[in-house]
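Chemist: Supplied in structure tokens, the structure appears directly below.
The values are calculated or read from the model by the stated rules, or taken from the named source; none is laboratory data. All values reported here derive from a predicted model rather than from experimental measurement. Here the Cβ positions follow ideal geometry from the backbone for every residue, glycine too, while neighbour counts run over all protein chains shown. These accessible areas exclude ligands, DNA and RNA; they are computed on the full protein's heavy atoms, side chains included. Shrake-Rupley method; radii C 1.70, N 1.55, O 1.52, S 1.80 Å.
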Amino acid sequence: MTMAIIDGKSFALDLREKLAGAVSAVKSRHNVQPALAVVLVGEDPASQVYVRNKGVATEKAGMRSIEHKLPADTGEGAVVALVRELNADENVDGILVQLPLPDHISSERVINEIHPDKDVDGLTETNAGRLLLGKEGLVPCTPQGSVMLVKSIRDSLSGLHAVVVGRSILVGKPLAMLLLAENCTVTIAHSRTKDLAGVCREADILCAAVGRARMIKGDWIKSGATVIDVGINRIEEDGKMRLVGDVDFDEAAHRAGAITPVPGGVGPMTIACLLRNTVIAAARRRRLGPVDI
Ligand code: GUN
């Protein structure tokens, strides 16, 4: 059997080009430039890289990027005050507070201060509730990108058995809801699941979001299954640092029908979907008509 590698990098680039087109149309028709505000507290090196990449991608798509970098000892009250200021700012369409926040700040408190209609991460309780209830809202970026990749290679997901390994708020739970909305039969598996290998073997669509390098072995995969690997794990191998997924890619290659690689699979979709959410948030809040991307 031949296995397809799902090229998330090129899918994301294509999506970003389409979004740049939509932004350009909004600018010329409505004289509006959508804006994304990112809040970073502290100097975590990985977070600094993510924030820089988001800023560059936002501007490349023709949108305005606003960065607020606060020192690590900023109090929770000051972060909340900034979020409220951004909520009230007519020119700001999307707000993202980079996680993790320093230990003395409650992420839950700060995230839930974001106005749900500007919550481009889809992490507020309101947007989580909207997703659960099947109402219009803003959907977390990584799960959204994962489902787009599955749909890029399968016409219909209806009736397929999807197994999501991982139950995080950021990925596992929202991904399960999105797959349910596509009429999949969904199983959420996790570290306490009995016979995890056997459960995975039942999956037509297997999504791994556990954060453990190569945990999912080749013989856990049903022949021909679509495998979405959300994991990004940094490991040392043969004296070199490497990025690997939650799925043992070389083993999976003998079983899967299609698989996302790491890097170059789900990862690039996250920023593309963040830009998409910003365009959607701008269009809804400013009543510019539907965004069909
Ligand atoms: N840190 C790591 N991933 C994410 C994400 O998706 N959103 C935010 N806000 N912070 C993150």
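Chemist: Could you please report the charge total around Arg284, scoring K, R as +1 and D, E as -1 over all other residues with beta-carbon less than 15 angstrom from its beta-carbon?
Modeler: Values: positive: Lys118, Arg130, Lys135, Arg276, Arg285, Arg286, Arg287; negative: Glu90, Asp93, Asp117, Asp119, Glu136, Asp292.
My count for the surroundings of Arg284 gives +1.
Chemist: Right, something else. Could you order the peptides 145-151, 27-33, 104-110 from most to least packed, using the average number of other C-beta atoms within 10 Å per residue?
Modeler: Peptide ranking by packing, descending: 145-151, 104-110, 27-33.
Chemist: Using alpha carbons only, how many angstrom separate the centre of the range 1-60 from the centre of the range 86-163?
Modeler: For the range 1-60 versus the range 86-163, the Cα centre distance is 15 Å.
Chemist: Further, regarding this structure: When each pair of different Cα atoms in the range 101-200 is counted once in the 1/r mean, what is the Kirkwood radius in angstroms, to one decimal? Display every interim value, and only then the final one.
Modeler: Values: mean 1/r = 0.0680 Å⁻¹.
Across the range 101-200, the inverse of the average 1/r is 14.7 Å.
Chemist: Below 14 angstrom from the Cβ of Ser191, what's the summed charge of the other residues (Lys, Arg +1; Asp, Glu -1)?
Modeler: +2
Chemist: Using only the alpha-carbon atoms, how far is helix 45-60 inclined from the longest principal axis of the chain? Give it as 0 to 90 degrees, nearest 10.
Modeler: Taking the Cα atoms of the chain, the angle to 45-60 is about 70 degrees.
Chemist: Report the one residue of Ala72, Gln48, Ala12 whose Cα lies farthest in the direction of the positive end of the charge dipole of the range 1-97 (charges on C-beta: Lys and Arg +1, Asp and Glu -1; origin at the Cα centre).
Modeler: Checked the options; the winner is Ala12.
Chemist: Would you please give the FRET efficiency between Ile293 and His104, computed as 1/(1 + (r/R0)^6) with r the Cβ-Cβ distance and R0 = 51 Å, to the nearest 0.05? Walk me through the intermediate numbers first.
Modeler: Details: r = 39 Å, r/R0 = 0.77.
Step by step, r from the Cβ atoms, then E = 0.80.
Chemist: Can you give me the distance in nm between label points at Glu202 and Arg234, each placed 7 Å from the Cα along the Cα-to-Cβ direction?
Modeler: If labels sit at Glu202 and Arg234, their model points lie 3.7 nm apart.
Chemist: Out of all DSSP beta bridges with both ends in the chain, state the antiparallel percent to the nearest 5. It would help to have the intermediate numbers written out before the result.
Modeler: On the way: 5 of 35 bridges.
Just about 15 percent of them are antiparallel.
Chemist: Distance in nm between label sites at Asp73 and Asn31, each 7 Å beyond Cα in the beta-carbon direction?
Modeler: Between Asp73 and Asn31, the label points sit 4.7 nm apart.
Chemist: Expressed as an acute angle from 0 to 90° and rounded to the nearest 10, what is the orientation of the C-alpha long axis of helix 76-88 relative to the principal long axis of the chain?
Modeler: The answer is roughly 80 degrees.
Chemist: Between Asp155, Asp117, Asp93, find the one with the highest GNM mean-square fluctuation for the chain; connect C-alpha pairs within less than 10 Å.
Modeler: So, out of Asp155, Asp117, Asp93, the one fluctuating most is Asp155.
Chemist: Compute, for the range 100-196, the length of the dipole vector about the Cα centre, with Cβ point charges of +1 (Lys, Arg) and -1 (Asp, Glu) only. Units Debye, rounded to 20.
Modeler: Working: 10 positive and 11 negative charges, 70 e Å.
For this selection, approximately 340 debye.
Chemist: Give me the number: length gained by fully extending Ala81 to Asn112, i.e. 0.36 nm times residue separation minus the C-alpha to C-alpha distance, one decimal in nm. Please list the in-between numbers first.
Modeler: On the way: separation 31, 0.36 × 31 = 11.16 nm, distance 1.26 nm.
Using 0.36 nm per residue and subtracting the Cα-Cα distance, I get 9.9 nm.
Chemist: Additional query: Determine the sum of side-chain charges near Pro174: Lys and Arg each +1, Asp and Glu each -1, restricted to other residues whose C-beta is under 12 angstrom from that of Pro174. Intermediate values should be presented prior to the final figure.
Modeler: Values: positive: Arg130, Arg167, Lys173; negative: Asp121.
My count for the surroundings of Pro174 gives +2.
Chemist: Please give, to one decimal in nm, the separation of the simple spin-label points placed at Asp89 and Arg154, each 7 Å out from Cα toward the Cβ.
Modeler: Label at Asp89, label at Arg154, 4.1 nm between them.
Chemist: Stokes-Einstein D for the range 177-293 at 37 °C, 0.692 mPa s, Kirkwood Rh over Cα pairs, in µm²/s? Don't skip to the end; give the middle numbers.
Modeler: Values: Rh = 16.0 Å.
In µm²/s, the coefficient is 205.
Chemist: Can you give me the long-range amide H partners of Gly42? Hydrogens built in the peptide plane at 1.01 Å from N, cutoff under 5 Å, separation of 5 or more residues or another chain.
Modeler: HN-HN under 5 Å from Gly42: Leu70, Ala72.
Chemist: In the range 51-152, what percent of the accessible surface is made up of carbon and sulfur (1.4 Å probe, ligands and nucleic acids excluded)?
Modeler: Values: 2310 of 4720 Å².
The computed percentage sits at 49.
Chemist: Accessible area per residue, 1.4 Å probe, Å², for the chain: what's the number?
Modeler: Working: 14230 Å² over 293 residues.
So the chain comes to 49 Å² accessible per residue, rounded to a whole number.
Chemist: Give me P(r) over the range 160-212, computed from all C-alpha to C-alpha distances, binned every 5 Å, as integer percentages.
Modeler: Bin by bin from 0 Å, the calculated values are 5, 24, 35, 24, 11, 1.
Chemist: When the Karplus curve 6.51 cos²θ - 1.76 cosθ + 1.60 is applied with θ = phi - 60°, which whole-Hz ³J(HN,Hα) does each residue of the range 61-71 get, with x for Gly and Pro?
Modeler: 7, x, 9, 8, 10, 10, 10, 10, 10, 10, x
Chemist: Relative to the first principal axis of the alpha-carbon coordinates of the chain, what is the inclination of helix 141-153, with its axis defined by its Cα atoms, in degrees from 0 to 90 and to the nearest 10?
Modeler: 50 degrees
Chemist: Normalise the Cα radius of gyration of the chain by 2.2 N^0.38 Å (N = residues in it) and let me know the number. Show your work: numbers first, answer last.
Modeler: Values: Rg = 19.3 Å, N = 293, 2.2 N^0.38 = 19.0 Å.
So the chain has a normalised radius of gyration of 1.01.
Chemist: Placing one identical point scatterer on every Cα of the range 31-134 and ignoring solvent, what is log10 I(q)/I(0) from the Debye formula at q = 0.25 Å⁻¹?
Modeler: Values returned for q = 0.25 Å⁻¹ are -1.43.
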